[in-house]
Amino acid sequence: MFEEVVTVKKEKNRWFGNLHHFSSYQTCQFDDINLFRLMGKDTIHLERVILTNHDNVIILRKMVGTTKIIVPVDVEVSLSVNCLYGDLTFFNQPKRALRNEHYHQETRDYLKSNKSVKIFLTTMIGDVEVVRG
């Protein structure tokens, strides 16, 4: 017996160009992000959405381009980056060169926080910046 499908969301991938996710000035409920991109600059504005629990996920796979994620001050972060060539800036820590490696880091209170986001990012070439906003 098959379960009934409750909700279905379908949208086309934008392979090229610059994207600003959640960039409107309206506050909205966060919905998980799962993107595949060939090239472009991506900016994810988490400071403009409502993060309410510990199950918020961002998955971004891209070939070339910079990625900036703006996180509110009251949200903890788990970051997992796979990168062939690029630099990582994680909040106010020194910039790290990523050369064909995987890097994982969590903020201090990630496991005990009520509001958090888990970020998975895979990129061939491009810088990654996670900042407070």
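Of all residues in the stretch 30-39, none are crowded, with 18+ Cβ neighbours inside 10 Å, at positive phi and not in a strand (DSSP E or B). Among the conditions (1) over 26 Å from Lys112 (Cβ atoms); (2) at pLDDT below 95, the only one that His54 does not satisfy is (1).
If you go through the stretch 40-77 and keep only what is under 17 Å from Asp109 (Cβ atoms) and buried (at least 17 other Cβ atoms within 10 Å of the Cβ), you end up with Leu46, Leu51, Asn56, Val71, Val75, Glu76, Val77. For the stretch 93-112, taking the residues that are part of a loop (DSSP other than H, G, I, E, B) and polar (S, T, N, Q), the one that is nearest to Asn53 (Cα to Cα) is identified as Thr107.
The values are calculated or read from the model by the stated rules, or taken from the named source; none is laboratory data. Small disclaimer: the values here were computed from a predicted structure and weren't measured. Every residue, glycine among them, receives a Cβ derived from its backbone with ideal geometry; neighbour counts consider all protein chains shown.
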